[in-house]
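Peer 1: Sharing a structure here in structure tokens format.
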Amino acid sequence: MTPSNPSRRIEKPMRVEVDRPRCVASGQCVLVAPDVFDQDDDGIVVTLDERPDAPRHEDVREAAAICPAAAIALREE
Amino acid sequence: MADTATSAPAGLPEHPSPRAAGCPFDPPPALRSLQTDRPVSRVQIWDGSRPWLITRHEDVRTLLNDPRVSADATRDGYPHRSAAMQGSDPASQTFLTMDDPEHARLRRMVTAPFAIKKIEALRPSIQKIVDDLVDTLLAGPKPVDLVEAFALPVPSLVICELLGVPYEKHDFFQRNTRIIVRRTSTPEEVAAANAALIDYMDDLLADKLARPADDLLSVLATERVATGELTRREAARLGNLLLAAGHETTANMIALGTLALLRNPGQLALLRETEDPEVVAGAVEELLRYLNITHSGRRRVALEDIEAGGETIRAGEGIIFANDVANRDPAAFPGPDRLDLTRNARRHVAFGYGVHQCLGQPLARVELQVVYGTLYRRIPTLATAIPFDEIEFKHDGIVYGVYKLPVTW
Ligand code: HEM
Ligand code: SF4
């Protein structure tokens, strides 16, 4: 929320980083945020969108929180 | 062993401890008090050893993801579930009880078919398997044992198709798998059951090498065995792990889940009346959390000294993660003992946590979604055919569930 623009909630931009060597192909992130995460042919995570827009932040945070291997890092810039 | 167990220092809780009479869905009361009073606490197990027991959701997640915590069952101090498991030969370990990098190397050889989109593509064939079994149930005599007639065949048929194992052999592998998951089996029984399964899988791999088909065993045979990356024996152990892990667990979720729903008619009605796949998917997560069938806990050993919950776990000491009571931690799930199919239960640890988190979870989820989304809609009057207090629970099983579930409609 910024005083200059009270009508709209401004979220900080988010940057998604995945650590593919750590990924254990559980698929949890794909279930929670399918337009941000996908899996390659071996089931290992790939990002579809490294800078998801604000409406998707909540799902992306949930994905990072349930990833069993802590392979998803979020940087809120 | 019985002697060492009775000479336990006074006050040291024994593990596992019994569930309360009349509360077959709830974890043992002793675990609840530990969670409140001493979330990191020593317990005494069958062989007289005293591993640590971790009971809080937060600690379970943190420590299962800690590289100082090893899953290697050949290390001294590893808290084995039974004499039979302890006696198992080091050369017969699978990646379930290995650490990275070897664990990751082997696990990645079999992750491809479990990717979300590939499993989603199997949904229609899983739906068909379930529909056909329900047709057979409805056409047959009642009462009928839901375990034999439905809960076991669903995951067995599915995993056989995925692996390329002929389903006609199910009597053989279900019998042997049951010996392995029964806590009371002798070391000799478990060794013999394992050997029979591995020999069978080894022969099957030889067949697949000669005549590859469109299944996971053929992929292992042609891409890993033929290239020398795995011996046929190693590939057989891998195939066997998937076959065993893939059906006892899901089968118990189906039967125990059905019983829990029949005892909570309001919740059952939610499932029966919904057309929304999101609601069914949420219900599956909540049932996984609530039932937590892998009740004997994740087993690990500390590689270095670790501070947790005000205690110091020393290098070489065993650790048991009580994921059953962690899933009933009020700090993670408000009103944890209520089965509430509408809550967000996604952070449960029923599939474990860390790098060993269940490989088959995408498949298990779709199987359970199809089953829970179909069975009660197609048989709306489903009911147990014997009194609740006559139902026998698998207190002695590595995986919890019911032995039989006689049902009628
Ligand atoms: C509802 C059903 C299921 C439950 C509750 C379940 C539970 C679990 C749990 C708790 C673990 C973690 C073990 C540990 O940390 O020590 C695990 C691992 C595993 N599960 Fe499942 N499972 C289920 C279904 C399946 C299916 C359908 C398959 C395969 C086809 C499968 C294959 C595996 C494998 C291979 C591992 C070892 C993973 C590793 O060590 O990296 N599971 N499962
Ligand atoms: S949740 Fe984590 S481990 Fe699972 S697929 Fe996504 S990144 Fe990989």
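Peer 1: For B:202, B:26, give the ranking by accessible area with the largest first, probe 1.4 Å.
Peer 2: B:26, B:202
Peer 1: With every protein chain in place, what's the accessible area of residue B:378 (1.4 Å probe, Å², nearest 10)?
Peer 2: 90 Å²
Peer 1: Okay, moving on. Given the options A:66, B:274, B:71, identify the residue whose Cα lies farthest towards the positive end of the charge dipole of the protein assembly as shown (+1 on Cβ of Lys, Arg; -1 on Cβ of Asp, Glu).
Peer 2: Farthest towards the positive pole: B:274.
Peer 1: Could you report the accessible area of residue B:214 in Å², rounded to 10, computed with a 1.4 Å probe on the protein chains as they sit in the structure?
Peer 2: Here the residue's solvent-accessible area equals roughly 150 Å².
Peer 1: I'd like the distance separating the alpha-carbon centroids of the range B:289-328 and the range A:6-69, in whole Å.
Peer 2: About 28 Å separates the Cα centre of the range B:289-328 from the one of the range A:6-69.
Peer 1: Under 8 Å for C-alpha pairs, at least 6 residues apart: give me the relative contact order for chain B, rounded to a whole percent.
Peer 2: 25 percent
Peer 1: Considering only protein heavy atoms, what per residue accessible area in square angstrom results for the range B:337-384 with a 1.4 angstrom probe?
Peer 2: That works out to 31 Å² for each residue.
Peer 1: Please give the solvent-accessible surface of residue B:117 in Å², to the nearest 10, using a probe radius of 1.4 Å with every protein chain present.
Peer 2: 130 Å²
Peer 1: Specify which residue in the list B:29, B:322, B:144 is farthest towards the positive end of the charge dipole of the range B:29-408, using unit charges on the beta carbon of Lys, Arg (+1) and Asp, Glu (-1), about the Cα centre.
Peer 2: B:29
Peer 1: Under the definition of Cα pairs under 8 Å and six or more residues apart, what whole-number percent is the relative contact order of the range B:163-310?
Peer 2: Answer for the range B:163-310 is 18 percent.
Peer 1: Suppose every Lys and Arg Cβ carries +1 and every Asp and Glu Cβ carries -1, with no other charges. What dipole size does the range A:14-76 come out with about its Cα centre, to the nearest 20 debye?
Peer 2: Roughly 240 debye for the range A:14-76.
Peer 1: Sticking with this structure for a sec: Grab the Cα-Cα distance for residue B:278 and residue B:196, subtract it from 0.36 nm times how many residues apart they are, and report the gain in nm with one decimal.
Peer 2: Roughly 25.4 nm would be gained on extension.
Peer 1: What are the residues of the range B:319-358 that lose 10 Å² or more of accessible area, with a 1.4 Å probe, going from their chain alone to all protein chains?
Peer 2: Listed by number, the residues meeting the 10 Å² cut-off are B:344, B:346, B:347, B:353, B:354, B:355, B:357.
Peer 1: Length gain on complete extension for the stretch residue B:168 to residue B:408, per 0.36 nm per residue less the alpha carbon to alpha carbon distance?
Peer 2: Full extension from residue B:168 to residue B:408 adds 83.7 nm.
Peer 1: Give the calculated FRET efficiency between residue A:75 and residue B:305 to the nearest 0.05, with a Förster radius of 41 Å applied to their Cβ-Cβ distance.
Peer 2: Rounded to the nearest 0.05, the efficiency is 0.80.
Peer 1: Using a 1.4 angstrom probe on protein heavy atoms only, which residues from the range B:59-80 are buried by at least 10 Å² of accessible area when all chains are present rather than their own chain alone?
Peer 2: Buried by 10 Å² or more upon assembly, which counts only protein chains, are B:61, B:65.
Peer 1: Hey, what D do you get for the protein assembly as shown in µm²/s if you plug the Kirkwood alpha-carbon radius into Stokes-Einstein at 10 °C and 1.306 mPa s?
Peer 2: Stokes-Einstein gives a translational diffusion coefficient of 67 µm²/s.
Peer 1: Within the set of other residues whose C-beta is less than 14 Å from the C-beta of residue A:69, count the net charge using Lys and Arg as +1 and Asp and Glu as -1.
Peer 2: Local net charge: 0.
Peer 1: Among B:17, B:361, A:13, which residue has its Cα positioned farthest towards the positive end of the charge dipole of the protein assembly as shown, with +1 placed on the Cβ of Lys and Arg, -1 on the Cβ of Asp and Glu, and the dipole taken about the Cα centre?
Peer 2: B:17
Peer 1: Let me ask something else about it. Rounded to the nearest 20 Debye, what is the dipole magnitude of the range B:29-408 about its Cα centre when Lys and Arg each give +1 and Asp and Glu each give -1 at the C-beta?
Peer 2: 380 debye
Peer 1: I've got another one for you. Please identify the GluC sites (Glu not before Pro) of the range B:178-278 that satisfy two criteria: DSSP loop assignment and at most 11 other Cβ atoms within 10 Å. Which are they? Before the final figure, lay out each step's value.
Peer 2: Values: sites: B:188, B:189, B:223, B:229, B:234, B:248, B:273, B:275, B:278; in loops: B:229, B:275.
When the GluC sites (Glu not before Pro) of the range B:178-278 are filtered for loop state and at most 11 Cβ neighbours within 10 Å, B:275 remain.
Peer 1: Same structure again: Over the range B:79-215, calculate the relative contact order: mean separation of alpha carbon pairs under 8 Å at least 6 apart, over the residue count, as a percent.
Peer 2: 29 percent
Peer 1: Give me the extension gain from residue B:108 to residue B:123: residue separation times 0.36 nm, minus the current Cα-Cα distance, reported in nm with one decimal.
Peer 2: Difference between extended and current length: 3.1 nm.
Peer 1: Rounded to the nearest 100 Å², what's the accessible area chains A and B bury against each other, both chains counted, probe 1.4 Å?
Peer 2: Working: alone 5060 and 17820 Å², together 21050 Å².
So the buried area, both faces added, is about 1800 Å².
Peer 1: While we're on this one: Given +1 on the Cβ of Lys and Arg, -1 on the Cβ of Asp and Glu, and no further charges, what dipole in debye does the range B:266-397 carry about its Cα centre, rounded to the nearest 20?
Peer 2: The dipole magnitude comes to about 300 debye.
Peer 1: Compare each residue of the range A:16-44 in its chain alone against the assembly with all protein chains, and report those whose accessible area goes down by 30 Å² or more; 1.4 Å probe, heavy atoms.
Peer 2: A:24, A:25, A:26, A:28, A:31, A:38, A:39, A:41, A:42, A:44
Peer 1: Just to verify a number: FRET efficiency for residue B:138 and residue A:42, C-beta to C-beta distance, R0 = 41 Å, to 0.05? Write down the numbers at each step before the final one.
Peer 2: On the way: r = 41 Å, r/R0 = 1.01.
Efficiency, from the Cβ-Cβ distance: 0.50.
Peer 1: What does the net charge come to around residue B:315 if you take all other residues with beta carbon closer than 10 Å to its beta carbon, with K and R at +1 and D and E at -1?
Peer 2: -1
Peer 1: Among A:61, B:237, what's the order by accessible area (1.4 angstrom probe), most exposed first?
Peer 2: A:61, B:237
Peer 1: Within the range B:171-198, list the residues whose amide N lies under 18 Å from a label point set 7 Å along Cα→Cβ of residue B:396.
Peer 2: Backbone N within reach: B:175-193.
Peer 1: Additional query: Rounded to the nearest percent, how much of the accessible area of the protein assembly as shown (1.4 Å probe, protein heavy atoms only) is carbon and sulfur?
Peer 2: 53 percent
Peer 1: Considering the Cα trace of the range B:29-408, what is its radius of gyration and what is Dmax, both in angstroms?
Peer 2: Taking only Cα atoms of the range B:29-408, I get Rg and Dmax of 20.6, 60 Å.
Peer 1: Calculate, in whole percent, how much of the Cα-Cα pair population of the range A:14-76 lies beyond 20 Å.
Peer 2: Value for the range A:14-76: 12 percent of Cα pairs lie more than 20 Å apart.
The values are calculated or read from the model by the stated rules, or taken from the named source; none is laboratory data. Computed from a predicted structure; not experimentally measured. Cβ atoms come from the backbone with ideal geometry, glycine included; neighbour counts cover every protein chain shown. Remember, those area values only see protein heavy atoms, side chains included, never the ligands or the DNA or RNA. Shrake-Rupley method; radii C 1.70, N 1.55, O 1.52, S 1.80 Å.
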